[in-house]
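Working notes for the structure below.
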Amino acid sequence: TEFMMIFRHTPNPAMQLSPEQMQANQTMQDWIGSIAAQGKFVSTNRLGFEGKTLKPNNVITDGPYAEVKEILGGYVIVKANSLDDATQLAQGCPILLIGGHVEIRNILQMN
């Protein structure tokens, strides 16, 4: 089964990252590499800050997060036997060290 780990955090331009938090940013690739080494990695991408949101009645707003306080920063898709197994993989995510969180969702195949 495939699961998507969605990385979210609240932007704070005034926040000064500690050396440990800066290291967390640099270790994201190492964490993803550890998942790949287990043969459980499928794909990943970061999301940019530019975008538009399309709403009903053809209402278009600038920015992908114009009305929310959190940024959806990126995702990883992994293979796992269960939601609990995918959650175990997510526990090492460096975004947790900078106050972010990881949402884990199963991916349903469309027929």
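Here's the list of lysines a cross-link from LYS52 could span, going by alpha-carbon distance under 19 Å and ignoring same-chain residues fewer than 8 apart: LYS69. Put a plus charge on the Cβ of each Lys and Arg, a minus charge on the Cβ of each Asp and Glu, and nothing anywhere else: the dipole of the range 36-111 about its Cα centre is then about 160 debye.
Straight-line reach from LYS40: which lysines have Cα under 28 Å away, leaving out those fewer than 8 places along the same chain? Output for LYS40: LYS79. Ordering of 28-40, 73-85 by packing is 73-85, 28-40, highest average first (other Cβ atoms within 10 Å, averaged per residue).
Using R0 = 35 Å, the C-beta based FRET efficiency linking ASP84 and GLU50 works out to 0.45. The ASN58 and ARG105 beta-carbon pair, evaluated with R₀ = 25 Å, returns a calculated FRET efficiency of approximately 0.30.
No value in this document is a laboratory result; all are computed from the given coordinates. Remember, predicted model here, so these are calculated numbers, not experimental data. Ideal geometry is used to build each Cβ from the backbone, glycine not excepted, and the neighbour counts take in all protein chains shown.
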